[in-house]
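Student: Dropping a structure here in structure tokens format, bear with me for questions.
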Amino acid sequence: MGNDEIFEDYSPPPYQDPDMEEESTINERFSWILLWIMTFRIRFNIPETATESLIKFMKLVLVEIGGEDFSKFPNSLYLARKILGLKDRFRILVPCPKCHKLYERQEVINFRQDDISAVMKCHHIEFPNSNHHKSRSCKMALSQKIATTIRPELEFPLASIQQQLGAMFRRPNFEYSLRHWANRQQTDNILTDIYDGQVWKNFKKTNEEDSPKFFRNDVADSHLGLMLNLDWFQPYDGTVHSTGVIYAAICNLPRDIRFKRENMLILGILPGPNEVRLHKINHYLAPIVDELMSLWAV
Ligand SMILES: [Zn+2]
């Protein structure tokens, strides 16, 4: 190959800012009741079914006494979470089962041919340097048509980093924990954690010669170092089906809490059924990198 080699295009559908999505409005008249129920549920470890019954009962009481004003009070735990903004918002992309190119879910579901809903085919060019015309585009079916419904073959849920970080920053002591590394005791010449390494110490905000360091005391709780990981596991007994989870640890946090579940960012869930070949993971990382880039620009 000469210098004119073209690389496979890993770009995902355009990034959508989660803030652009419709926000549920919180009705101030009853949001405190929902907050009380959710706190009660956590405090006494109430199961979901019991919480659901309590919410339904509360609605009956409120509508009985307060009338139509309370008709918007939720009648399920799902709706209560949605109103309180506790629901995880996943963006779902559809990967090609063969080449792993990602597509917008709505585009796949709403695809039409001759004005009839139809199965959309992958139009990704996996080997842009190949001379064989026939083998150029992938053409794999991205969905199945069952009766009149289009169902994607695979789904790739992406969790918003911004939303998860927002929830973490609302927790008491979270910012304090993020500053821990800047206030820690240092012992010369002993490497005890990532902060003692050259990357953490010398990483610059920009490529310019006089750029300030990225990790420094005055921004110790807002300039975050994320460590990305991908783990494969088998969620089902008796069948070989691998699912991959892409997640990130926040290196600013002290090591004893850095890898706790509540402090990890879930970035995306790879659908399987097989482990994706290494270079194909680029497709799944691309939308995550896009969101990280948009956060970097903030
Ligand atoms: Zn494909």
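Student: In nanometres, what is the gap between the two model label sites at Asn274 and Thr192, each 7 Å from Cα along Cα-to-Cβ?
Tutor: Taking the two extended label points, one gets 4.8 nm.
Student: Same structure again: Tell me the relative contact order for the stretch 28-84 as a rounded percent, counting alpha carbon contacts under 8 Å between residues six or more apart.
Tutor: Working: 32 pairs, mean separation 20.8, N = 57.
The value is 36 percent.
Student: Return a whole-number percent for the relative contact order of the chain, with Cα pairs under 8 Å and 6 or more residues apart as the contact set. Provide the component values of the computation, followed by the final result.
Tutor: Values: 395 pairs, mean separation 47.5, N = 298.
Here the relative contact order equals 16 percent.
Student: Oh, and also: Name the residues whose placed amide hydrogens come within less than 5 Å of the amide hydrogen of Glu153, ignoring near sequence neighbours (fewer than 5 apart) on the same chain.
Tutor: Ser143, Gln144
Student: I want to make sure I understand the PRE zone here: with the label point 7 angstrom from the Cα of Arg136 toward its beta carbon, which residues in the stretch 88-126 have backbone N atoms less than 16 Å away?
Tutor: Correct set: 122-126.
Student: Gap in Å between the Cα centre of the stretch 27-60 and the Cα centre of the stretch 101-170?
Tutor: Going from one Cα centre to the other spans 38 Å.
Student: Using DSSP to call loops (not H, G, I, E or B), can you name the trypsin sites (Lys or Arg not before Pro) in the stretch 222-287 whose Cβ has at most 16 other Cβ atoms within 10 angstrom?
Tutor: Numbers: sites: Arg255, Arg258, Lys260, Arg261, Arg277, Lys280; in loops: Lys260, Arg277.
Passing both the DSSP loop test and the Cβ count: Lys260, Arg277.
Student: Taking the dipole about the Cα centre of the chain, with the C-beta of Lys and Arg at +1 and of Asp and Glu at -1, give me whichever of Gln164, Pro12, Gly238 is farthest to the positive side.
Tutor: Working it through, the farthest residue towards the positive pole turns out to be Gly238.
Student: Also, I was wondering about something else. Using 0.36 nm times the number of residues separating Val219 and Lys98, minus their current alpha carbon distance, what extension gain do you get? List each step's numbers first, then the result.
Tutor: On the way: separation 121, 0.36 × 121 = 43.56 nm, distance 4.38 nm.
Full extension of this stretch gives 39.2 nm more.
Student: Which one of Pro235, Pro13, Pro157 has the biggest mean-square fluctuation once the chain is modelled by GNM with Cα springs under 10 Å?
Tutor: Result for the chain, Cα springs under 10 Å: Pro235 fluctuates most.
Student: Right, here's the next one. Among Asp115, Asp218, Asp290, which comes first, then next, by fewest other beta-carbon atoms within 10 Å? Write out the running numbers ahead of the final one.
Tutor: Details: Asp115 6, Asp218 9, Asp290 17.
Listing Asp115, Asp218, Asp290 from fewest to most nearby Cβ atoms yields Asp115, Asp218, Asp290.
Student: Just to verify a number: FRET efficiency for Arg170 and Ile116, C-beta to C-beta distance, R0 = 45 Å, to 0.05?
Tutor: Efficiency, rounded to the nearest 0.05: 0.40.
Student: Please turn the phi angles of the stretch 141-146 into ³J(HN,Hα) values with the Karplus equation 6.51 cos²θ - 1.76 cosθ + 1.60 (θ = phi - 60°), one per residue in order, whole Hz, x for glycine and proline.
Tutor: 5, 8, 8, 10, 10, 10
Student: Does the chain come out rounded, prolate or oblate by the C-alpha gyration tensor, with a ≥ b ≥ c the root eigenvalues, rounded set by a/c under 1.5 and, if not, prolate when a/b is larger than b/c and oblate if not? If you can, show how the numbers build up before the last one.
Tutor: Values: a/c = 2.09, a/b = 1.07, b/c = 1.95.
Oblate shape, in that a/c is at least 1.5 and b/c is the bigger or equal ratio.
Student: How about the stretch 117-190: which trypsin sites (Lys or Arg not before Pro) there are in a DSSP loop, with at most 10 other Cβ atoms within 10 Å of their Cβ?
Tutor: Lys134, Arg170
Student: Further, regarding this structure: For the pair Val199/Asn75, report the inter-label distance in nm, with labels modelled 7 Å from Cα in the Cβ direction.
Tutor: 5.3
Student: Among all the lysines, which ones have a C-alpha under 19 Å from Lys204's C-alpha, if same-chain residues fewer than 8 places away are not counted?
Tutor: Partners found: Lys213.
Student: Amide H to amide H, which residues 5 or more places from Leu270 or on other chains are under 5 Å from it, using H placed in the peptide plane?
Tutor: Answer set, sorted by chain and number: Gly244, Val245, Ile246.
Student: Now for a separate question. What residues qualify as long-range amide H neighbours of Cys251, i.e. H under 5 Å apart, gap of 5 or more or another chain, H built at 1.01 Å from N?
Tutor: Correct list: Gly225, Leu226, Met227.
Student: Counting only chymotrypsin sites (Phe, Trp or Tyr not before Pro) that sit in a DSSP loop (anything but H, G, I, E, B) with at most 11 other Cβ atoms within 10 Å, what is the longest stretch of the chain containing none of them? The partial results should precede the final answer.
Tutor: Details: sites that count: Phe7, Phe44, Tyr236.
Between the exposed loop sites, the longest stretch runs 45-235.
Student: Between Glu262 and Glu68, what is the label-point separation in nm under the 7 Å Cα-to-beta-carbon projection?
Tutor: Distance between label points: 4.3 nm.
Here, each number is a calculation from the coordinates, and none is a lab measurement. None of the values given here were measured: they were computed from a predicted structure. No Cβ is skipped: glycine too gets one built from the backbone with ideal geometry, and neighbour counts run over all protein chains shown.
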